[in-house]
Amino acid sequence: MSLSKIYQLSSPNLWNLIDDDFGNSGGVYKLFSKKNEQRKPINRLLKTDINGILYIGKADSFVNRIITLQKVIHPTKYKSTNHSGGRRYNRNSRISDNYPYHSLYIELSQHNNPKERESEILNSYFQEFGEVPPLNANDQ
């Protein structure tokens, strides 16, 4: 049975929460935003993504990968560029204005083959919405 959990990215004890729940395991994660306790929908090419997925990624170790994402997106505390989705988030201030750091959440889903599972989820997303999530897009 695989574990799936949601965390607020800005949580000050995020590392400990993920470590307690997942240890060194990994899988696939999805970044999304909430507004008024509800997921913020995103208009996509074919239809609206009511789950508001901003990014889909994989991790061999959730602890390491999610903390890397947190360090890249954090507005003031860290200066890291080791996450492509985080770099895209930072590249356009309108993104962080519309999806502020404190509104970001991650959903972690444990899986024994993260690369294969990420590929399946991205393909399924593309088939449903006609494009990949906005922070998965190719670098401009």
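Trypsin sites (Lys or Arg not before Pro) within the stretch 9-62: which are DSSP loop residues with at most 13 other Cβ atoms inside 10 Å?
Details: sites: K30, K34, K35, R39, R44, K47, K58; in loops: R44, K47.
Those that pass, being in a loop and sparsely packed, are K47.
For the pair D60/N36, report the inter-label distance in nm, with labels modelled 7 Å from Cα in the Cβ direction.
4.4
Rg (Å, one decimal) plus Dmax (Å, integer) for the alpha carbons of the chain?
14.2, 40
As a quick test, which of the pairs K34/K58; K35/K115; K71/K115; K5/K35 have an alpha carbon distance above 24 angstrom in this structure?
Exceeds cut-off: K35/K115.
What is the calculated FRET efficiency for S124 to N16, with r their C-beta to C-beta distance and R₀ = 35 Å, to the nearest 0.05?
With a Förster radius of 35 Å, E is 0.65.
Please give me, ordered by residue number, the chymotrypsin sites (Phe, Trp or Tyr not before Pro) of the stretch 34-140 that lie in loop per DSSP and have at most 15 other Cβ atoms within 10 Å. If you can, show how the numbers build up before the last one.
Working: sites: Y55, F62, Y78, Y89, Y101, Y105, Y125, F126, F129; in loops: Y78.
Those that pass, being in a loop and sparsely packed, are Y78.
Between exposed GluC sites (Glu not before Pro) in the chain, where DSSP calls loop and at most 14 other Cβ atoms lie within 10 Å, what's the longest gap?
38-130
Length gain on complete extension for the stretch N92 to L3, per 0.36 nm per residue less the alpha carbon to alpha carbon distance?
Value of the extension gain: 28.7 nm.
We did not get these values from a lab; they are worked out from the coordinates using the rules stated. Everything numeric in this text was worked out from a predicted model, so none of it was measured. Please note: Cβ atoms are built from the backbone with ideal geometry, for glycine as well, and neighbour counts cover all protein chains shown.
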